[in-house]
Every structure is written in C-alpha cells, then in structure tokens.
Amino acid sequence: MSIEQAFHDWRAARNGAQGWGLAWYLAWHVCKRFYASHGIVPLVINKEGLGYYGLELAALPCAVNAGKAASLGRLTMAGNVENWVTGSPGDHGLKTAEMCDGDAPADELVSLTIQHLRLPVMPRKSHLGCRHQRWGASYVLLFEIMTLLALRHGDQVRIANHPADIGRILDALDPEAGIKEHPGGFVVESGETRTVIAGDGRVLSTPGENLWHRYMAGESADALANHLAELHRLPS
C-alpha cells in the first residue's frame, strides 16, 4: 500500500477525529523532497507532560549549515502549518487541518504546505558532500515506513526521532554513534515492545537486521511497515 492510499484510508476512517495522520502525511512529503537535497528533516515533538506535539521541520546540523541545527517551522498536532522563519511559533498560518476536513485534494494540501514554508526548489548551497545527500535514501525509506505506521495505527504506536528524545538510546546501542553527521534514527514503541533503528536502516535492537538491506533485496516499504506492525502486535 502506498502513502497516498494509506492517507486516503485514514481520511475516510477518522470520523471527524484529528489524530496525527495529516501531520505525518505532510511531513513525509517534505522529507521525500527536501531531506537529501536540502538537509531538512521532520522531527517528532514530544512535549513534557503532553506527549506528541506535532512535527518540527528542522535544518540538519551538516557542514553546509556550519554544524548548527535550525528550526524552520512546525506541523501542529492536527496538521496545520507554521512557518517559523517568516512567522512565529503558535501562528497557524496555513490551516491545512480545516482544508483536510473540507475534503481538499491531497496534492493541494501538499503544494500549499511547501509554498507556505517557502522551501526553495533548489538548495541555496550544494549539500553534495553531506551525509544526508550521499546516504539520504535510507532515511527517507524509514520515514515512509514510520508514516505508514502512523497512518494505520494512530495512537497505538509511539514514534520518536528527535535527537533530544532518542540520542541517549542511540548512544547506548549504536557502535557508530560517534561518527560525523550521524544519520539519526527512530524509536518505535507499543506496550512493552521497543524497536530502535538507525537512520541508515540498521535495526539496533535486533543485531544483524537491516531494513535498508531488505528493501534493496526487493521488499517494499509497505511490507517492512507490516513487519514492524507484526513485531509490535499491532492489529492489521
């Protein structure tokens, strides 16, 4: 199943509930287009005492960005779009959640989001030498897998990829944690089950398993999302 079909199914089944489906769907489109070439990554925000609080859109701390991360905006919990460069946090400048409720076409939601964030078609400086450019395909694959889990399983699964939330976990499990421009990763939790995956596809909680290698051997993102769902005993 594609992201587009999963989003269509999410919209059809939600019965007016907000959920995090729209935010993840829009974040996936940003990640797919801008992670490798521009060094822009969507990061799940977990606010103390509140839990999930949307997805931050951040510039990676790569060499082009002088090793400094920067916040560019946010997709709110419901999926509205905030541009933090031209606006300010809390200013829901683009009310995509309302548009989604009004049955706006999915591709219109995506194009309006990119326009509101003012993301340039071409990066202002080349990221050719950056790790996210050279090995970005694996991270984009993982983000697709996570988006499928988020759209299908909602609050039955918890997904984290913000360095502030998973940095210590990666440090403890990843023998490559200290490499320059580490690709980050994802932590997936449901009940007592936790899966830790590095951004290059290595499943750190299951030594020897690599989702990127499985994908390159022929498995689809859909099949790998189903594999994680079965591992976490999530309903089909």
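Among Thr86, Thr113, Thr76, which one shows the biggest mean-square fluctuation in a GNM of the chain, springs joining Cα atoms closer than 10 Å?
Of Thr86, Thr113, Thr76, the most mobile in the Gaussian network model is Thr86.
Work out which GluC sites (Glu not before Pro) in the chain are exposed loop sites (DSSP not H, G, I, E or B, at most 11 other Cβ within 10 Å) and give the longest gap free of them.
Longest gap between qualifying sites, sites excluded: 49-191.
Just to be sure I understand the model, the point goes 7 Å from the Cα along the line to the Cβ. What's the resulting Glu192 to Ala70 distance in nm?
About 4.7 nm separates the two model spin labels.
Between the stretch 117-164 and the stretch 1-80, what is the separation of their alpha carbon centroids in Å?
8 Å
Within the set of other residues whose C-beta is less than 11 Å from the C-beta of Leu72, count the net charge using Lys and Arg as +1 and Asp and Glu as -1.
0
Identify the trypsin sites (Lys or Arg not before Pro) of the stretch 164-236 meeting these criteria: DSSP loop state and at most 14 other C-beta atoms within 10 Å of the C-beta.
Loop-located and lightly packed - Lys180, Arg233.
Just to confirm my understanding: which cysteines in the chain have no other cysteine beta carbon less than 4.7 Å from their beta carbon?
By the Cβ distance rule, which asks for a partner under 4.7 Å, the isolated cysteines are Cys31, Cys100.
Label point 7 Å out from Arg11 along Cα-to-Cβ: which residues of the stretch 96-130 have amide N under 15 Å?
Zone members listed by number: 96-113.
At 7 Å along Cα-to-Cβ for each site, give me the label-to-label distance between Glu48 and Ala177 in nm.
Going from the Glu48 label point to the Ala177 one covers 2.1 nm.
What is the extension gain from Lys32 to Arg233, computed as 0.36 nm multiplied by their sequence separation minus the C-alpha to C-alpha distance, in nm to one decimal?
69.6 nm
Readers should treat all values here as calculations from the given coordinates under stated rules, not as data from a laboratory. Note that the coordinates shown come from a computational prediction; the quantities given were computed from them, not determined experimentally. Counting neighbours? That spans all protein chains shown, and the Cβs are built from the backbone with ideal geometry, glycine included.
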